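A short worksheet on the structure shown next.
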Amino acid sequence: MELVKKLSIAKTAAYLGVTSTTLRRWDKAGKFLARRTSGNQRYYYQQDIDLYLQDIFAQAKAWVLGAPKEPESAFYCPTSSEFKGRLSKLQNALAKTPDLKEYYSIIVAVVGEIGNNSFDHNLGNWPDITGILFNYDVNKRQITLADRGQGVLRTLKRVKPSIENDEVALITAFTEKISGRAPESRGNGLKFVLQVILERDIQLEFYSGGATALVTKKSKKLSVQKVDVYYSGCLALIRY
Amino acid sequence: MRIELKKFGNMLTSRQDGKEALAAIEPQLKTISEHTIIEIDFEGVITFTPSWADEFITKLSDRFGEKIVLTHTENPSVKATLRILKELG
């Protein structure tokens with residue numbers, strides 16, 4: 001009897017909510033390595049998948065890209081008040097980190113703006129699962145937020161129909177004063193996020209539609225690129 | 001008139017909470033005289049964002065202009081938020 005559960009690439013892809021092509025690419029890139037049969041077929045052990053899922057970003061990504069289902073209750077904020085409660089716990093946790101004393105409130109503000117944006121822009125319009133996934137790992141110094149909402153392009157097109165693709169939508173969201181909640185003339189949230197992370201030791205990866213906005217600690221500038229995977233909502237990873 | 005923001009909590013982040021805070025002080029705003037200074041005191045506030053500020057500070061500023069005075073604004077997220085409101089406002 002086999003003690004370790006083996007999964008084919010197709011089953012693993014379905015389990016993680018990605019395509020087999022994505023898994024092949026991750027294997028080639030060394031991001032998530034496959035094992036090989038004697039006939040050179042890729043396969044995965046269940047324990048490899050479990051380990052991969054312990055990564056909070058991979059977990060959030062799998063939730064955004066997978067079939068609609070509620071995330072684990074420990075990370076799920078179906079309403080903004082639950083998000084506020086968990087954000088308060090993050091604030092308390094970061095307050096105890098000595099080297100963050102000068103700017104932990106900035107990190108909490110960044111997370112607050114990204115999370116509250118998800119609720120503000122999708123109120124009454126969630127395509128399937130209401131609310132967001134919000135998780136953090138204070139040891140790895142990572143925070144993830146994800147929603148299965150309308151995404152940035154669709155939200156901004158309501159007020160600026162000339163935006164033609166996801167890359168332009170992300171640039172607009174992070175650099176122009178615009179609100180997806182017309183006729184309200186606000187929308188400073190993501191501009192604030194960009195401004196404060198550029199000034200501090202914070203890194204952001206933000207995905208929506210077929211594009212990503214990246215600010216690394218080294219580059220210190222906003223870089224927006226096209227990506228192969230399509231994120232129908234938003235996915236963010238903050239490292240500090 | 002002095003508004004102590006810490007009475008609304010030490011984490012002021014969402015639009016909804018900003019709206020509710022403004023609604024809570026509305027009865028007091030109706031009774032103030034023409035020359036009354038409105039001091040908004042940030043002491044005790046830890047996390048502050050533009051979303052909350054848009055619903056509270058921006059609306060009070062639009063209504064009362066130079067009669068608004070902000071105090072104890074040393075916290076980094078308060079400073080960063082007030083700066084972006086000024087730049088984009």
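The table for this structure:
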quantity: Total charge dipole magnitude, segment A:88-150, about the Cα centre, Cβ charges on Lys, Arg, Asp, Glu only, Debye to nearest 20; calculated: 260
quantity: Gyration tensor verdict on segment A:1-110 (Cα atoms; rounded if a/c is under 1.5, prolate if a/b is larger than b/c, oblate otherwise); calculated: prolate
quantity: Rounded tilt (10° steps) of A:20-29 against the dominant C-alpha axis of chain A; calculated: 90
quantity: Rounded if a/c under 1.5, otherwise prolate or oblate - segment A:45-96, Cα gyration tensor axes; calculated: oblate
quantity: In order through segment B:60-74: 3J(HN,Hα) via Karplus (6.51 cos²θ - 1.76 cosθ + 1.60), integer Hz, x for Gly, Pro; calculated: 5, 5, 4, 7, 10, x, 6, 6, 8, 10, 9, 10, 6, 9, 6
quantity: Point-to-point label distance, B:Val69-B:Glu39, nm (Cα→Cβ direction, 7 Å offset); calculated: 0.6
quantity: A:Arg35 versus A:Ala14: modelled label distance in nm, points set 7 Å from Cα along the beta carbon direction; calculated: 2.0
quantity: Rg/Rh ratio calculated on Cα atoms of chain A (Kirkwood radius); calculated: 0.99
quantity: Helix-only [θ]222 nm of chain A, DSSP H runs n ≥ 4, -39500 (n - 2.57) each, per residue, nearest 500; calculated: -12500 deg cm²/dmol
quantity: Sites A:Ser81 and A:Val227, calculated FRET efficiency, Cβ-Cβ separation with R0 45 Å, nearest 0.05; calculated: 0.85
quantity: Theoretical ellipticity at 222 nm over chain B - DSSP helices of four or more residues, -39500 (n - 2.57) apiece, nearest 500; calculated: -16500 deg cm²/dmol
quantity: For chain A, built as a Gaussian network whose Cα springs stay under 10 Å, the top-fluctuating residue of A:Gln59, A:Gln150, A:Gln41; calculated: A:Gln41
quantity: Cα gyration tensor, segment A:184-240 - rounded (a/c under 1.5), prolate or oblate; calculated: oblate
quantity: Förster radius 22 Å - calculated FRET efficiency between A:Thr97 and A:Gln54, Cβ distance, rounded to 0.05; calculated: 0.55
quantity: Normalised contact order of chain A, rounded percent, pairs of Cα under 8 Å and 6 or more residues apart; calculated: 17
quantity: Neighbour-count ranking [beta-carbon atoms within 10 angstrom, fewest first] of A:Asp99, A:Asp137, A:Asp147, A:Asp27; calculated: A:Asp99, A:Asp137, A:Asp27, A:Asp147
quantity: Computed over chain B: relative contact order in percent, which uses C-alpha pairs under 8 Å that are six or more apart; calculated: 37
quantity: Likely footprinting exposure, A:Leu123, A:Leu153, A:Leu190, fewest C-beta neighbours within 10 Å first; calculated: A:Leu123, A:Leu153, A:Leu190
quantity: Rg and Dmax of segment B:29-77, Cα atoms only, in Å; calculated: 11.7, 33
quantity: For A:Tyr104, A:Tyr76, A:Tyr15, order by how many other beta-carbon atoms lie within 10 Å, fewest first; calculated: A:Tyr15, A:Tyr76, A:Tyr104
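Readers should treat all values here as calculations from the given coordinates under stated rules, not as data from a laboratory. Treat the numbers as computed from the prediction; the structure is a model and nothing was measured. Glycine also receives a Cβ, built like all others from the backbone with ideal geometry; neighbour counts cover every protein chain displayed.
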